[in-house]
Amino acid sequence: MMLGNQGQAASVVSLLAPVDAANTAAATGSWVDVTAYEGDIVVTIQVGVVTAGSIALVIQNATDISGTGAATITPNEGAWTTVTTANDPLTQKRTINAGATDGFIRIVGTITTGPAAIGASFLAHPKYTT
């Protein structure tokens, strides 16, 4: 069965504006409310040049915008590939079910040495309301 206009119905949301991150704090996005979405959240991460070292990526979820109860969640496809000078640049996609989160998500890129160019966003379908 083909999902005719799911792309047209999807919202795009930034998780981390493109940045040349010298450390983990710079490669960590703000908390984003995902309670307005249903089904899969499609997270895309683009890592450009990793100058030295590596960047390891995770998605965290929490119960509020302050990060209460923050915990790493495993995407449906499994863990992200760590990006190094040997495999950069690298774009990756993973999915998580909106209903399986605690309501808020963010991306965390743990930088070893660095810097690394990174940006992240997601596509998700808004909940149907009458």
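Just one of the listed residues (86, 27, 9, 22) is farther than 17 Å from residue 121 by Cβ, touching a residue at least 60 places away in the same chain (Cβ under 8 Å) and out of contact with any Phe, Trp or Tyr (no Cβ under 7 Å at 6 or more places or on another chain), and it is 22. Report yes if residue 95 is at negative phi and free of Cβ contacts under 8 Å to residues at least 12 places away in the same chain, otherwise no. It is false that residue 95 is at negative phi and free of Cβ contacts under 8 Å to residues at least 12 places away in the same chain. Within region 103-116, if we keep just the residues that are more than 17 Å from residue 69 (Cα to Cα) and either open to solvent by less than 30 Å² (accessible area, probe 1.4 Å) or of a type in the set (Lys, Arg) (or both), the residue that is farthest from the chain's Cα centre (by Cα) turns out to be 114. With the condition kept exactly as written, say whether any residue in region 91-102 is crowded, with 19+ Cβ neighbours inside 10 Å and farther than 16 Å from residue 34 by Cβ. No, because not a single residue in region 91-102 is crowded, with 19+ Cβ neighbours inside 10 Å and farther than 16 Å from residue 34 by Cβ.
Looking at region 43-58 only, could you name the residues that are among the hydrophobic types (A, V, I, L, M, F, W, C) and either surrounded by fewer than 18 Cβ atoms within 10 Å (Cβ to Cβ) or more than 11 Å from the chain's Cα centre (by Cα) (or both)? Within region 43-58, 47, 49, 50, 52, 55, 56, 58 qualify.
The values are calculated or read from the model by the stated rules, or taken from the named source; none is laboratory data. Quick caveat, the model's predicted, so the values are computed rather than measured. Neighbour counts are summed over all protein chains in view; Cβ atoms, including those assigned to glycine, are modelled from backbone coordinates with ideal geometry. These area figures cover heavy atoms from the full protein model, side chains too; ligands, DNA and RNA do not enter into them. Shrake-Rupley method; radii C 1.70, N 1.55, O 1.52, S 1.80 Å.
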